[in-house]
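Here's the structure we're looking at; comments come further down.
Please treat every number below as a calculation from the coordinates, not as lab data. As the structure is a computational prediction, the values presented were derived from the model and not from experiment. We place every Cβ from the backbone using ideal geometry, glycine too, and count neighbours over all the protein chains shown.
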Amino acid sequence: MTDTGWQELRFSTVPDHLDSLESWLFDQGALAVTLEDNADEPLLEPGPGETPLWQNIKLVALFETGRDLSPILADVPSQWVTASAAEASFVPDQDWERAWMADFQPLKMGRRLWICPSWCEPPDPDAVNIHLDPGLAFGTGTHPTTAMCLAELDASIRPGTNLIDYGCGSGILAIAGLKLGASKAFAVDNDPQAVTATLDNAQRNAVTQEDLDVFLVSQADTQARLRPVDLVIANILAGPLEALAPTLVNLMNPGGRLILAGLLNEQAAGLIATYQPWVALTAVQEKDGWTLLAGEKLPE
Ligand SMILES: C[S@@+](CC[C@H](N)C(=O)[O-])C[C@H]1O[C@@H](n2cnc3c(N)ncnc32)[C@H](O)[C@@H]1O
């Protein structure tokens, strides 16, 4: 084991005291401060530009090794911390970039599809390989909802299918759809970072702009650029999926297929009921508390 590294101090706090505690720790010589969820409170999908905080925060402050941290533990103002300012621990030095990369390995999705980070050789060169690195936009295949969508695309795409990926994030679903045989895809999102990420990932996967049209849903020409397609896929949360029901249904060809993910198991019945006048949705997959719904558009 290496003896070079840093020391960590961990504190429990709440949003009202976070700024004071953070700047006091920097005044005491903290090199970095990171925040973690202290109470298993998922922040599911912040809107563009939002940085919501947990109600119960674990703050981790990093200090040089060899520094005596006991005065900091003794002096931290008690009103800023919710639990006794507890743990100090040693953090061994390591090659941080490699440690982070080791967490992302090729993932097999469905029957034919692999998601491969750029630093790995595709395990099966003859498979449908998507090259994708973790970035700012959601969608690397590690989340259960994305994994279910990819497996469903693998089962649903026929040669020549055209599709819309509504809430594209990294663009993973639209790019996978094209690689699986779709003839044309549209990828839209309400977050400019997602549009940038999708364009980058399309280029990395040799997907042309002619095959994949990417744009912000707030753009004035959204309605003009989007036309009804054979397959609409949306991996967003239950609330937006409910609000978007008329929009998504209008984007489906007669008899077209709709795939919805991002909803928790207990939200499935409500969404099935919302879409019931237009689409016969059923729960076709479940993973780690998340459900995927799919179904065909009903005749008018
Ligand atoms: C859970 S991520 C899914 C990303 C990717 N499609 C996947 O399956 O991994 C949801 C995406 O939907 C976008 N989004 C949320 N609400 C939206 C809305 N009303 N219209 C368009 N995009 C939306 C978010 O910005 C985010 O990129």
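The amide H of residue 235, built 1.01 Å from its N in the peptide plane, has 166, 261 as neighbours under 5 Å, considering only residues 5 or more places off or on other chains. Here residue 196 and residue 269 are evaluated by their C-beta separation; at R0 = 51 Å the FRET efficiency comes out at 0.90. Phi-derived couplings, Karplus 6.51 cos²θ - 1.76 cosθ + 1.60 at θ = phi - 60°, listed residue by residue for region 163-180: 8, 10, 9, 9, x, 6, x, 6, x, 4, 6, 5, 5, 4, x, 5, 5, 7 Hz, with x used for Gly and Pro. With N the number of residues in region 105-160, Rg(Cα) / (2.2 N^0.38 Å) evaluates to 1.11.
Remark: spin-label model distance residue 120-residue 56 equals 3.4 nm, labels positioned 7 Å along the Cα→Cβ axis. Residues 112, 257, ranked from the fewest to the most other C-beta atoms within 10 Å, line up as 112, 257.
Give the distance, in whole Å, between the Cα centre of region 167-222 and the Cα centre of region 236-279. That distance is 21 Å. Summed over all non-identical Cα pairs, the Kirkwood treatment of the chain gives a radius of 21.6 Å.
For the chain, the longest principal axis of the alpha carbon atoms and the long axis of helix 15-27 meet at an angle near 50°. By the count of neighbouring beta-carbon atoms within 10 Å, fewest first, 104, 26, 186 end up ordered 26, 104, 186. Computed from backbone phi with θ = phi - 60° and the Karplus coefficients 6.51, -1.76 and 1.60, the 3J(HN,Hα) list for region 119-126 is 8, 10, 6, x, x, 10, x, 8 Hz; x is used for glycine and proline. Beta bridges per DSSP, both residues in the chain: antiparallel share near 60 percent. In the chain, helical runs assigned H by DSSP with n ≥ 4 each contribute -39500 (n - 2.57); averaged across all residues and rounded to the nearest 500, the mean residue ellipticity at 222 nm is -7500 deg cm²/dmol.
3J(HN,Hα) couplings calculated from phi for region 281-287 with the Karplus curve 6.51 cos²θ - 1.76 cosθ + 1.60 (θ = phi - 60°) are, in sequence order, 7, 9, 6, 10, 8, 9, 8 Hz; Gly and Pro show x.
In summary, the lysines within cross-link reach of residue 287, defined as a Cα separation below 26 angstrom excluding same-chain residues under 8 places away, comprise 108, 179, 297.
Annotation: amide H-H contacts under 5 Å for residue 131 (H modelled 1.01 Å from N, sequence separation of 5 or more, or interchain): 116.
Can you check what the Kirkwood hydrodynamic radius comes to for region 215-275, Cα pairs only, in Å to one decimal? Radius from the Kirkwood sum: 12.4 Å.
Amide H to amide H, with H built 1.01 Å from N, residue 256 comes under 5 Å of 297, counting only residues 5 or more places away or on other chains. For the chain, relative contact order (Cα pairs under 8 Å, six or more residues apart, normalised by length) works out to 13 percent. As a proxy for reagent exposure, ranking 25, 178 by other Cβ atoms within 10 Å from fewest up yields 25, 178.
Angle between the Cα long axis of helix 192-204 and the longest principal axis of the chain, 0 to 90 degrees, nearest 10? The two axes meet at around 70 degrees. In this rough spin-label picture, where each label sits 7 Å from Cα along the Cβ direction, the residue 28-residue 133 distance is 3.6 nm. May I ask for the net charge around residue 29, where only other residues with Cβ less than 9 Å from the Cβ of residue 29 are counted and Lys, Arg are +1 while Asp, Glu are -1? Counting the neighbours of residue 29, the net charge comes to -1.
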